[in-house]
Structures are given as C-alpha cells and as structure tokens.
Amino acid sequence: MSAAADTQEYSFQAEIKQLLHLLAHSLYQSKEIAIRELISNASDALDKMRFVSLTEEAHRDDKPLEIEIKGDKDAKELIIRDNGIGMTHEELISNLGTIAHSGSLEFLKNLATREKKGDVSLIGQFGVGFYSAFMLSDRVRVRTRSYQSNEGWEWESDGSGTYRVTPAEGLERGTQIILHLKDDVLDMAEDWRLKDIIRKYSSFVPHPIRVDGEVVNAQKPIWVEPKSQVTEEQYRQFYQHLTHHSNESPLWHLHMAGDSPIQFRTILYCPPTNYELMGMGKTEHGISLCAKRILVQSDCRDLLPDYLRFLYGVVDSEDLPLNVSRETLQDNSVIRRIKNVLVKGVLDKLQKLGEDNPEEYMTFYKQFGQIIKEGVPTDFPNRERVAKLLRFTSSQADESSPTSLDDYLKRALPDQKEIYYLGGPDLAAIKKSPNLEIFRRRGIEVLFLSDPIDEFVVSNLDRYADKPLKSIDSADLELPGTDAPEPEKPAEEPASSIARVLDLFKTALGERVKEVRESKRLTESPCCLVNTEGALSSQMQRLLKMANQEFPSSGKILEINPSAPLIRRLSLLSANADNDAFIKMCALQLWSNAMLLEGSLPEPEELVARNQTFMEEAAEKRSSIVL
Ligand code: ADP
Ligand code: MG
C-alpha cells in the first residue's frame, strides 16, 4: 500500500479557519512570537515526558530532554524538534484541528474586531499558539510519535481549509515541526537570528534549547535565587516567559520563600490588565506548580482562591511528591498550607501597597478590585483582610481618591458606633437621596455604593472592626452627634394639622407603605422612604427583584418633614376637607418620587395620569392669574 493511499484529509474546525485567515493577513510585525510559541509547546511536551518518566516505571528513560532548532536557508526550512511525549493519531487531530480552550474563541472575536492590527502577541495565552506557525510559513509539517505508540504520523497543511495526516516511518519519540518559510522571513533560518529570538523570548525555558549544537538558554530558575540576586529586568523577562506577553511589564511581583512547616519558594506576578473587564470571560488560574524544580502542573487552581485567579507565577516545593496527581492536589495538606501562606502574603502585599503608594494601588484596584471583592463572601477566615483592600467613594471622598474602611473610621465622629452606606442605581441618584440630609447636617460620612456588587459585598461583610455596616435608609439608626436646636415653628401652624396630614397620607397610600410618620432626619426634602428594622436596604431589594421578579417587597416607612414648605402648606390646606382629595394625590406623588429616586418605578400609568392632572390644575390656576 502506498503512503498516498493512507493519507487522510480533514477539515479544520470553522473557528480555526477563521483564525488562520486572520493570522495570514495580520500586520503584526513581530513574527518572532511564532518561534516562542513553538518552543513553548516543545517545552510543555518535555515537561510532560519528564513527569511520565518519573512516575511511570515503564517509561523510565535517561536520555536528556532537549529542544533542537535548525534552519536551512536554501531549503527555506526551519525545524523545531523535541523528544517530548509526542502525539498519537487521535491527539494530532484533536490538538491540531480543533479548539479546546474556551478562551480561544473570545480571543478570536477580539482579534477580528480590533481593525486589522489585532494583538497577535497574546495568542499563546489563549491556547492556539501552534497556529502562529502560519504567520511564518506557507506550509507546515508536524512529524510526531507518541511515547505510548510505535506508530508515527505526519500532519501537513498549507493553512487554508484542510490538513492531511499520513503514517510516517522511522520516527523517534517526540515531535518535529517543519516550517516552510515565506520569503519575507527567510532570515529566521539563520543561526544568529534564531539565537537572538531565543534569548529574547525563551531564556527561561527549563530545558536546553540547541541551535547548531550550542545551548542558547542557560538560565537558572530565578525563584530559587535570593531576592537580592535577581534584577528587575530578570523579573520582567520571567513574567513575559510565563505569560507569553512579549511587551508587557507586571504591575508588581512578590518573591517569597517559606521554610517551616513547609518549604517552598514562589514568585507571583500581577498583570497590568484585567481581561474580564474587556468581556473576555473568566480569567483562568495561571500558577505553575513545581516539585523540586520540576513542573507538576501548569495553571494550577488549588494554590490560590478564585478571587486571586488573575495572578501568574511559580510555586516550587521540596515537600511535594513528584507523582502527586491532579485529583489528589486538592486534598493535599502541603498544598493547603502553601495556599494559606500565599494568600496572606498577597493580601499583606496589597495592604502595604495601599498604604505606601495609594496611586499605584488604585491602578491595581481599578483593574482587579472587582475580582478581589469576591473574597469577602467566599474567604471567611480572611474577609477582614480582604475588606481592608476595598475602596469606596463617599460623601467625603470623591471618585479620584476613594476611601478605605480604615480611613473612613479615622474620620468617624467620636461617638459613632456604625459605618454608614447608601446604595443606588448611580452616583448622581445616590447624592440626591433625601436620606443623606441628617448625615450632611451632622457631618457623618456615608459610603456611596453605585456598583451593585459593592452592596452585596458590604451587606455580606456585615461588620468591620466591630462596627456594624448600616444602610442609611434603615429605620433603626443610632446616629452620633446632635442637631442644632430646631428653628421655632411658625405660629400660624397648629400642632394638630400635621397629624391630619399624616392621616390623609396613610389613607391615600394604604398598603403601599407600612407606616407614615414624622421625620427627624430631614431638613429640606418633604419626605423620604426608610426600611423597617432588619429589612434589606432598598438597593438590595431592587437588585433581588431584578434577579427574581417574585421577590416580595417589604413594606417601607414614609417619613415626612413637617418643616418642608410643601408639607407646611398641606398642613394649612388640611383644615378644609375640600382639600382632602388634593392632599391624597400629593401623598401618592411624593411616594412615587421617593421610589423613583431609589431606582424603582411602581405604578407608572398612575404616576403619569397624576402628573397630567397636576399640570392641568396648575395651568388653569396660571391662566386665571396671568391672563
Ligand atoms: P496550547 O499550547 O496552549 O495547548 P497550542 O495551539 O500551542 O495550544 O497547542 C495545541 C496542542 O497541541 C497542545 O496542547 C499539545 O497538546 C499539542 N502540541 C503542540 N505542539 C506539541 C509538541 N511539540 N509535542 C506534543 N504536543 C504538542
Ligand atoms: Mg502552546
């Protein structure tokens, strides 16, 4: 049987066709990253082989694991060869024909929308690095034999819609990627150029990379070095190696060592950008776990909690067995103890950054604050430490320099027993809330929570530094300070008339409110709504209602301000029963207005009809005066 008869032709998955099309037409200058991606794949395959040979007796093997790169300018060829795990026929087809990684499709969409000059340099991060080979070549061949099989295979494609797979004889274990170079990148077949690229992008690859016999990378892992021996530039290069981000610097790094009870070393990095904010889906964990410098698992999810998932780095421990499996990692007590130390280390680092360098901290917080907040409801033992990292705008701290809870407490009044906050649909609506009046009057700071997540986080936190966090639209507040003595009420106002107004309001509002009462917190506004003791804040009720239409509203209390001009007038009018209907209409309208300020819109038709009536009456009054 001839080889051609054995050849099978396959179609790429539609998304890959699209990706290949974008790559072929990409204007991205740095085609060097394709070399980095192929070396990184070779290195992954060597890591896996080393792991297999250490854990499976049958595959024990002393041959050095290496990557070899060879360019041939005349043949327009570049070959990248490794003696790693290789691929079986099935693996070839699923690894180099379909997209498995969920993030890749989002990467693709993003690449397609950003005009012609998409940022291809991120390709490796999204699990489609191999295809960058087509930025350099018009034809790619992959010759491979899996450590589990005696059969070798050749995969071949010109990067248009299809690829072919043919049996290949005489292959050793591992993979060769053979690029047929396009004319504009023939320099990549030259040794000096290859060495340059490898030094630039791949110096931290933990296996020897040979060009023409010479090992080009010779870096010791920097996490085992003492901090004082590592330069900023080395930290930066190692970050770029881990993240595949060629031109990026991390916001900060944390280099730690632990000795007792568990020995470990780590370098953690914070990237500059939160891709979740750009709609790229949930960030995947990016920590590589090593045992005695040998990679055990990349993207390890068990070393950091979800709310620190955006960090990249390496954790290396002498106390871990090499054959620890993915399944047992989660229950491994060494991992759990390392995790505790890492979390404390990161939270301390962030707290210190917040205190020492607020500006840099805010750069971090704007990107990752949203993710950090998830720690309050999910990491009970550390919630107070996480809460220290939160920042809020408030009645005394504007958006340019939001406040921490600690700074809030420093400004609190001497007899203040609670921390106050108010949530609302947006900052402008919050600032207009009549509930703020008494707080302004007494100089009590109120946190403004316009991000719906903040309200969940703060109500979940419940207390901070032993002080309860209270929404200011709650009925039971123990406010500090006292008001200046109230101005004398005008003599014309009989005390009984406000009682009559309260009665009329109650009749008009009926079941809509739980109670109508005189307010002690208002100075200017005619009325406000407050929630009964123990009830959720208005914003929480609104959010829960949005999530679940069936969520029952709890009755609110309408407080009215007897000294507001409108209420004073209504009191006077209430002396004559002819005005009852008008006063009731005002009651309903005031209630609607208060609900609107909270972001709710109950009974819209009635609100509009009532408004109409008010305008008609006002127009009639005006025409009798002005005309
Ligand atoms: P990623 O490396 O993020 O998984 P790639 O597109 O770079 O994505 O590679 C796809 C898959 O192809 C790899 O996960 C791996 O299974 C396989 N692969 C690529 N190169 C090699 C290689 N040199 N040896 C073994 N498998 C490889
Ligand atoms: Mg890859």
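Quickly run through region 257-269 and pick out the residues that are part of a strand (DSSP E or B) and either open to solvent by 40 Å² or more (accessible area, probe 1.4 Å) or more than 19 Å from LEU295 (Cβ to Cβ) (or both).
Of everything in region 257-269, those that are part of a strand (DSSP E or B) and either open to solvent by 40 Å² or more (accessible area, probe 1.4 Å) or more than 19 Å from LEU295 (Cβ to Cβ) (or both) turn out to be ALA257, GLY258, ARG265.
Starting from region 244-272, take each residue that is among the acidic types (Asp, Glu) and list its partners that are surrounded by fewer than 16 Cβ atoms within 10 Å (Cβ to Cβ), counting only C-beta distances under 7 angstrom and pairs at least six apart or across chains.
Cβ pairs passing all conditions: GLU248/PRO272.
Can you confirm whether region 83-90 contains a residue that is open to solvent by 40 Å² or more (accessible area, probe 1.4 Å) and near ligand 1 (Cβ under 9 Å from one of its atoms)?
Within region 83-90, not a single residue is open to solvent by 40 Å² or more (accessible area, probe 1.4 Å) and near ligand 1 (Cβ under 9 Å from one of its atoms).
So LEU570 passes all but one of these: (1) without any contact (Cβ under 8 Å) to a residue 24 or more places away in the chain; (2) open to solvent by less than 30 Å² (accessible area, probe 1.4 Å). Which condition number does it fail?
Answer for LEU570: the failing condition is (1).
GLN240 - would you say it is surrounded by fewer than 18 Cβ atoms within 10 Å (Cβ to Cβ) and either over 26 Å from the mean Cα position of the chain (by Cα) or not aromatic (Phe, Trp, Tyr) (or both)?
no
Could you tell me how many of the residues in region 360-381 are surrounded by fewer than 18 Cβ atoms within 10 Å (Cβ to Cβ), more than 12 Å from the chain's Cα centre (by Cα) and within 14 Å of VAL457 (Cβ to Cβ)?
4
Among SER132, SER146, SER121, SER160, which is the only one that is modelled with pLDDT under 95 and either more than 16 Å from ligand 2 (Cβ to nearest atom) or surrounded by fewer than 17 Cβ atoms within 10 Å (Cβ to Cβ) (or both)?
Checking each option against the conditions leaves just SER160.
Could we say that ILE93 is at pLDDT 90 or above and within 16 Å of ligand 2 (Cβ to nearest atom) here?
In short, no.
Taking ILE39 as the residue in question, decide whether it is of a type outside the set (Lys, Arg), buried (at least 16 other Cβ atoms within 10 Å of the Cβ), modelled with pLDDT of 90 or more and away from ligand 2 (no atom under 13 Å from the Cβ).
no
When the residues of region 449-475 are filtered to those that are part of a loop (DSSP other than H, G, I, E, B) and farther than 21 Å from LYS366 by Cα, which remaining residue is nearest to the chain's Cα centre (by Cα)?
ASP462
Sort out which residues of region 205-222 are open to solvent by 20 Å² or more (accessible area, probe 1.4 Å) and under 20 Å from ARG236 (Cβ atoms), and write them in order of number.
PRO206, ALA218, GLN219, LYS220, PRO221
Would you be able to tell me the number of residues in region 423-448 that are under 29 Å from the mean Cα position of the chain (by Cα), at pLDDT below 95 and open to solvent by less than 40 Å² (accessible area, probe 1.4 Å)?
Residues meeting the conditions: 5.
For region 178-198, check the following and say yes or no: at least one residue is closer than 30 Å to VAL315 by Cα, out of contact with any helix residue (DSSP H, G or I) (no Cβ under 9 Å at 6 or more places or on another chain) and without any contact (Cβ under 8 Å) to a residue 40 or more places away in the chain.
Yes, the conditions are met somewhere in region 178-198.
If LEU607 passes every condition in (1) assigned to a helix (DSSP H, G or I); (2) open to solvent by 70 Å² or more (accessible area, probe 1.4 Å) but one, which one does it miss?
(2)
Go through region 373-435 and tell me which helices (runs of 4 or more DSSP H), entirely inside it, have 1 or more residues that are closer than 30 Å to TRP591 by Cα.
Of the helices (runs of 4 or more DSSP H) lying wholly inside region 373-435, those with at least 1 residues that are closer than 30 Å to TRP591 by Cα span 427-431.
Can you tell me which residue is surrounded by the fewest Cβ atoms within 10 Å (Cβ to Cβ) among those in region 291-308 that are touching an Asp or Glu at 6+ places or on another chain (Cβ under 7 Å) and not acidic (Asp, Glu)?
LYS292
The values are calculated or read from the model by the stated rules, or taken from the named source; none is laboratory data. Note that the structure is a prediction, hence the values are computed from the model and not measured. With ideal geometry, Cβ positions are generated from the backbone for all residues, glycine too; neighbour counts draw on all protein chains shown. For accessibility, only protein heavy atoms count, side chains too; no ligands or nucleic acids. Shrake-Rupley method; radii C 1.70, N 1.55, O 1.52, S 1.80 Å.
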